[in-house]
Every structure is written in structure tokens, then in C-alpha cells.
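The next block holds one structure in the form of C-alpha cells; read it before the comments.
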Amino acid sequence: MKIARLAARMAVGAMATALATTAIAVPAAQATGKAKPLGTTSLAAVLTKDTSGFDRNSRDFDVLTAAVLAVLEAKPNSPVKVLTDGTVALTAFIPTDAAFQQLVREITEAKKLPSESAAFSAVAGLGIDTVESVLLYHVVPGATIDRKTAVRADGTDLSTALGSTVEVDVRTYLYFFRQVRLIDADTNDRDARVVTFDVNKGNRQIAHSVDRVLRPIDLP
């Protein structure tokens, strides 16, 4: 079954705790101190504000939040813990619930999208190490990359907290609309598209929601 092969291929050993750096520099105003100092609200604090649990809103982040909490419960010292420290600058690309539902449908070859709770159960069934790896692949430590910076980053390789990279692909439509996509390590899936920018804007930890879960390996 695909889901079993996925878990086997994506399982990793101990994670390096040192944070990688990214090729994108922080905006000059931030670097020189001319801009208003960024706040320290963590992304974990933002995600856990929604206490409704699994629901029918496929555009929020219930599956992602549950995955982060599951990793931190099983591995309190996981590098994923950086999401709880708002003093550390980072950029995260956070998959919506619909993104996780689509991932599970593809790796299980199901005909219908699973519910959010079923999607989380399937993801958790891959094993904590695999879930940890996937989460870290969505985190770019060392820089607060806002929308203005992202749309100027076409072709840039971003170093993730997992150690591997994702590529920024910016496409322009109608001469003015710019769509930001992320090219992951899987050459067989569709690129992830940023659907919402600047979640937690004004803080050192910022996020952009994406419509696909980034895959750190090439799946058949």
C-alpha cells in the first residue's frame, strides 16, 4: 500500500537541532532596524487559538495543529518546538486541512476525500518521525519572509529545517497578478500554491498557507 511505503521511505533518524539558513535575505528595512521591531507571537500560539477541533472548514489548519501537538507530545525536544518560540525568526508554509485531505486521498488511493479526523489519523499512522520530517520540510528558519519578499524570490531555493530545499516559482498573470508556488522534492505531484499570505504578520514568525502538503521525497 502506498501509505506504508511512504512511511518507510520518509522515516528519518535523529534530527539536527541547528537551524539552517535561507538564501532570501530579510527586507533591508528590517535588517537596518529602520522598521518597527517585529513582535514575538509564535505561530504555535496562532494555530492553537482555534479550539474548535476538526470541523468542516477545509481552509483552516486543524490537521496541521494536531500534527504539531502530536509531535511535541511524543518528542518534547523536537526541532518542531521552534514554532513555539516567537523570538526565533522563521517562515512556515502551512498546509490547509484540504491539503492534508488531498494528500491522504492520493497516498491511500481512496475515491473520496477523508474527513479531517480521518486525514489526521492517516497522517499520524505514518509514524511520529515521518510526521516530524514533513512538518520540518515546511519551515524555513532564519528569516521572516513576507509577501513582498516572496513575490521577488522567483527561482530561489529555500533551505528548510529538515535540511533539504524547496524552490520558489513566481508566475505572473494578466501583467500584474503574481502567484507564488513551491516546488518540492516530489517531481510527480502538483506544485503547492500559496493561497493566503502573511499569517501572523508583524511578528518574527510568519506563515503563508498552501493548498498542497510539501513532500520531501519523490513518490512514484
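Find how much the distance from THR51 to SER121 grows on full extension, using 0.36 nm per residue of separation minus their present alpha carbon separation; answer in nm with one decimal.
23.4 nm
Could you derive backbone 3J(HN,Hα) for segment 99-105 from the dihedral phi with the Karplus parameters 6.51, -1.76 and 1.60 (θ = phi - 60°), listing whole Hz in sequence and x where the residue is Gly or Pro?
5, 5, 4, 5, 4, 5, 4
Put LYS111, LYS49, LYS75, LYS81 in order of accessible area, largest first, 1.4 Å probe: what do you get?
Most to least solvent-accessible, the answer reads LYS111, LYS49, LYS81, LYS75.
Mind checking segment 80-150 for GluC sites (Glu not before Pro) that DSSP puts in a loop (not H, G, I, E or B) and that have at most 12 other Cβ atoms within 10 Å? Before the final figure, lay out each step's value.
Values: sites: GLU106, GLU109, GLU116, GLU132; in loops: GLU109.
Answer by residue number: GLU109.
In segment 64-188, with Lys and Arg counted as +1 and Asp and Glu as -1 at Cβ, which of these residues, LEU69, GLY127, GLY142, has the Cα nearest the positive end of the dipole, that is, farthest along it?
Value computed over the given set: GLY142.
Given the Cα-Cα distance of VAL88 and PHE177 and 0.36 nm per residue of separation, how much length would full extension add, in nm? Show your work: numbers first, answer last.
On the way: separation 89, 0.36 × 89 = 32.04 nm, distance 3.14 nm.
That works out to 28.9 nm of additional length.
May I ask you to derive the FRET efficiency for VAL170 and THR196 from their Cβ-Cβ distance with R0 = 25 Å, giving the value to the nearest 0.05? Provide the component values of the computation, followed by the final result.
Details: r = 16 Å, r/R0 = 0.65.
Once rounded, the FRET efficiency stands at 0.95.
Residue by residue through segment 69-78, which ³J(HN,Hα) values in whole Hz follow from phi under the Karplus form 6.51 cos²θ - 1.76 cosθ + 1.60 (θ = phi - 60°), with glycine and proline marked x?
5, 5, 5, 5, 5, 7, 9, x, 9, 4
Please give the length that would be gained between ARG147 and ALA74 if that part of the chain were fully extended, namely 0.36 nm times their separation in residues minus their C-alpha to C-alpha distance (nm, one decimal).
Values: separation 73, 0.36 × 73 = 26.28 nm, distance 3.35 nm.
Working it through step by step, the gained length comes to 22.9 nm.
Using a 1.4 angstrom probe with every protein chain in place, what is the largest-first accessible-area order of PHE177, PHE93, PHE120?
PHE177, PHE120, PHE93
Which value, in Å², gives the accessible area per residue of segment 91-220 when a 1.4 Å probe is used on the protein heavy atoms?
Heavy-atom accessible area per residue stands at 42 Å².
Sorted by accessible area (1.4 Å probe), largest first, how do GLU73, GLU167 line up?
From most exposed to least exposed: GLU73, GLU167.
Past 30 Å, Cα to Cα: identify those pairs from LYS111/LYS148; LYS49/LYS148; LYS112/LYS148, in the order given. Please list the in-between numbers first.
Working: LYS111/LYS148 39 Å; LYS49/LYS148 26 Å; LYS112/LYS148 37 Å.
In this structure, LYS111/LYS148; LYS112/LYS148 lie more than 30 Å apart at Cα.
The values are calculated or read from the model by the stated rules, or taken from the named source; none is laboratory data. Since the structure is predicted, the reported quantities are computational estimates derived from the model, not experimental observations. Note that each Cβ is placed from the backbone with ideal geometry, even for glycine, and that neighbours are counted across all protein chains shown. Accessible surface is based on the protein model in full, side chains and every heavy atom, while ligands, DNA and RNA are left aside. Shrake-Rupley method; radii C 1.70, N 1.55, O 1.52, S 1.80 Å.
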